[in-house]
Amino acid sequence: EPEVTQTPSHQVTQMGQEVILRCVPISNHLYFYWYRQILGQKVEFLVSFYNNEISEKSEIFDDQFSVERPDGSNFTLKIRSTKLEDSAMYFCASTLPRGEQFFGPGTRLTVL
Amino acid sequence: KNEVEQSPQNLTAQEGEFITINCSYSVGISALHWLQQHPGGGIVSLFMLSSGKKKHGRLIATINIQEKHSSLHITASHPRDSAVYICAVFSLEYGNKLVFGAGTILRVKS
């Protein structure tokens, strides 16, 4: 069964460093999403991506964040200068139009 | 303001019990998702529905569009059902994104 994969599973970084979180969506899916979940809180939408551009972003997704689909298979989330409050679980998801969302296993980001 | 409300927040049940988790939302939606999150953190989609009822094994999900309410039922609950159950809605009023409830923490004791 096809699945969404994410790497790394856990990333530890120093405040101010750049991190890139990677996702491989399901191959025939067209919409891609990043969500985050701060420990003990609910899942929050960050950004959606369709047809090689951002289609929607939340107020969390400021200039420190960017997304890219560099090669037609990977979908990346970059945080340019991490802050302590960026520590969270980051989930990637993909879907067909109007379809069920398939989530990756998540990357736990810890900013020290 | 919580656009998606779930109840109860916490639920402890004995193995074999019938369980109901509720979800209410405030806007017109195109789809409602029930998700399961295990202690390791991964999220699995259980159902996506826009009307009526869906069943998969011991899980049943219903939705009442007019009342803006959905329920997830688990029959013959088992300790392996212990997880966080999350309701999320997709609405054009929220843009192209899911809006999530806070989740219901379910613990099933043997």
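The values are calculated or read from the model by the stated rules, or taken from the named source; none is laboratory data. Keep in mind that what you see is a predicted model, and the values were worked out from it rather than measured. Note that each Cβ is placed from the backbone with ideal geometry, even for glycine, and that neighbours are counted across all protein chains shown.
Restricting region B:9-38 to residues that are small (Gly, Ala, Ser) and within 10 Å of another protein chain (Cβ to nearest Cβ) leaves a set whose member that is surrounded by the most Cβ atoms within 10 Å (Cβ to Cβ) is B:Ala31.
On inspection, B:Gly41 passes the criterion of being at positive phi, part of a loop (DSSP other than H, G, I, E, B), surrounded by fewer than 18 Cβ atoms within 10 Å (Cβ to Cβ) and of a type outside the set (A, V, I, L, M, F, W, C). Filtered by the rule that a residue be in a loop (DSSP other than H, G, I, E, B) and within 10 Å of another protein chain (Cβ to nearest Cβ), region A:47-72 gives a lone residue, A:Ser58. Here region B:76-110 is the region considered, the condition is being basic (Lys, Arg) and more than 14 Å from chain A (Cβ to nearest Cβ), and the residue that is farthest from A:Trp34 (Cα to Cα) is B:Lys109. For B:Ser70, the conditions (1) within 17 Å of B:Asn10 (Cα to Cα); (2) of a type in the set (Ser, Thr, Tyr); (3) in a strand (DSSP E or B); (4) away from chain A (no Cβ under 14 Å) are fulfilled apart from (1). Of the residues making up region B:1-54, those that are farther than 16 Å from B:Leu72 by Cβ, modelled with pLDDT of 95 or more and touching a strand residue (DSSP E or B) at 6+ places or on another chain (Cβ under 7 Å) are B:Thr12, B:Gln14, B:Glu15. Among the conditions (1) on the phi > 0 side of the Ramachandran plot; (2) buried (at least 16 other Cβ atoms within 10 Å of the Cβ), the only one that B:Gly95 does not satisfy is (2). A single member of A:Thr95, A:Thr7, A:Thr107 is at pLDDT 95 or above, within 12 Å of chain B (Cβ to nearest Cβ) and under 27 Å from B:Val84 (Cα atoms), and it is A:Thr107. Condition first: within 14 Å of chain B (Cβ to nearest Cβ), closer than 14 Å to A:Thr95 by Cα and in a strand (DSSP E or B). Can you find one or more residues in region A:22-31 that meet it? Yes: region A:22-31 contains one or more residues that are within 14 Å of chain B (Cβ to nearest Cβ), closer than 14 Å to A:Thr95 by Cα and in a strand (DSSP E or B).
For region B:44-56, the set of residues classified as surrounded by 12 or more Cβ atoms within 10 Å (Cβ to Cβ) and part of a loop (DSSP other than H, G, I, E, B) consists of B:Ser50 only. Of everything in region A:10-20, what is within 15 Å of A:Leu77 (Cβ to Cβ) and in a loop (DSSP other than H, G, I, E, B)? Give them in sequence order. Selection gives A:Gln17, A:Glu18. Of all residues in region B:65-75, those that are over 27 Å from A:Tyr33 (Cα atoms) and surrounded by 12 or more Cβ atoms within 10 Å (Cβ to Cβ) total 3.
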